[in-house]
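K.L.:
Sharing a structure, written as structure tokens. Questions coming.
The values are calculated or read from the model by the stated rules, or taken from the named source; none is laboratory data. None of these values were measured; they are calculated from a predicted model. Cβ atoms come from the backbone with ideal geometry, glycine included; neighbour counts cover every protein chain shown.
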Amino acid sequence: MPHLKNKKVVVIVDNNVNSELEGLENALATEEGGRKYDVFSFQDPVEVIESVNSERGLCYDIAVVDLTFDNKHKGYAVDGIEVIGAMKEKYPERPVLCCSAYAANAYIRREFRTAKHRPDGVFSKKTHEPSVMLDIVEAHLKTAEKKHGGKLVHVP
């Protein structure tokens, strides 16, 4: 995955990224008030887990991961809990947000109650405008940077 200097890298993992998170992806990639990010979208959660666990790793500053994936037709059933777990296991300092179209934050939090690794934040992608989702992503990114000395290292 290429990385352009001085830009934050946002990874979006959602099998419906072209519909529900398209507004967020556009807001992240568009210069608006000085904001510009490199955005990489994945529709296959297994590809993300394999990238994270590969020798090279997955380069990102923050990730947005859907809770559910329609992938049973491919012969496996991987969900956002597993993707977030793999990302937090390898890169605990990097923020990972969970989103869902099904319900509010309480539903998402309930799904992670017994998970070893939890997301840094949650939001409903059906009820938030792209500008609000962008604010959520930026707030979590700033918090993580402050917590880790002002900079996240995204290149393995």
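K.L.:
In the stretch 53-71, is there at least one residue being modelled with pLDDT of 70 or more, farther than 16 Å from MET133 by Cβ, part of a loop (DSSP other than H, G, I, E, B) and of a type in the set (Lys, Arg)?
P.N.:
Checking the stretch 53-71: at least one residue is modelled with pLDDT of 70 or more, farther than 16 Å from MET133 by Cβ, part of a loop (DSSP other than H, G, I, E, B) and of a type in the set (Lys, Arg).
K.L.:
Can you tell me which residue among VAL17, VAL10 is surrounded by 15 or more Cβ atoms within 10 Å (Cβ to Cβ), at pLDDT 85 or above and in contact with a helix residue (DSSP H, G or I) (Cβ under 8 Å, 6 or more places away or on another chain)?
P.N.:
The unique qualifying residue is VAL10.
K.L.:
Within the stretch 87-96, identify whether any single residue is under 26 Å from THR127 (Cα atoms), touching a helix residue (DSSP H, G or I) at 6+ places or on another chain (Cβ under 9 Å) and at pLDDT below 85, and answer yes or no.
P.N.:
No; the residues of the stretch 87-96 include none that is under 26 Å from THR127 (Cα atoms), touching a helix residue (DSSP H, G or I) at 6+ places or on another chain (Cβ under 9 Å) and at pLDDT below 85.
K.L.:
Search the stretch 137-149 for residues that are in contact (Cβ under 8 Å) with a residue 40 or more places away in the chain and pair each with any residue that is part of a loop (DSSP other than H, G, I, E, B) and of a type in the set (Lys, Arg) when their beta-carbon atoms are under 7 Å apart and the residues are at least 6 apart or on different chains.
P.N.:
The qualifying pairs are ALA144/ARG94.
K.L.:
Right, next: Is there a residue in the stretch 101-120 that is under 12 Å from the mean Cα position of the chain (by Cα), among the hydrophobic types (A, V, I, L, M, F, W, C) and modelled with pLDDT under 90? I'd like the intermediate steps shown before the answer.
P.N.:
So the first thing to find is which residues in the stretch 101-120 are under 12 Å from the mean Cα position of the chain (by Cα), and the list is 119-120.
Okay, now just the ones that are also among the hydrophobic types (A, V, I, L, M, F, W, C), so none.
Checked against the condition, which is being under 12 Å from the mean Cα position of the chain (by Cα), among the hydrophobic types (A, V, I, L, M, F, W, C) and modelled with pLDDT under 90, the stretch 101-120 yields no hits at all.
K.L.:
Can you tell me which of VAL153, VAL132, VAL137 is modelled with pLDDT under 85 and hydrophobic (A, V, I, L, M, F, W, C)? Break it down stepwise before answering.
P.N.:
Details: VAL132 fails: modelled with pLDDT under 85; VAL137 fails: modelled with pLDDT under 85.
Checking each option against the conditions leaves just VAL153.
K.L.:
Report, ordered by the first and then the second residue, all pairs with beta carbons closer than 9 Å, sequence separation of six or more or different chains, a first member in the stretch 81-92 that is free of Cβ contacts under 8 Å to residues at least 40 places away in the same chain and outside any loop (DSSP other than H, G, I, E, B), and a second member that is aromatic (Phe, Trp, Tyr) and surrounded by fewer than 21 Cβ atoms within 10 Å (Cβ to Cβ).
P.N.:
Pairs that qualify, where the first residue is free of Cβ contacts under 8 Å to residues at least 40 places away in the same chain and outside any loop (DSSP other than H, G, I, E, B) and the partner is aromatic (Phe, Trp, Tyr) and surrounded by fewer than 21 Cβ atoms within 10 Å (Cβ to Cβ), are ILE81/PHE112; ILE84/PHE112.
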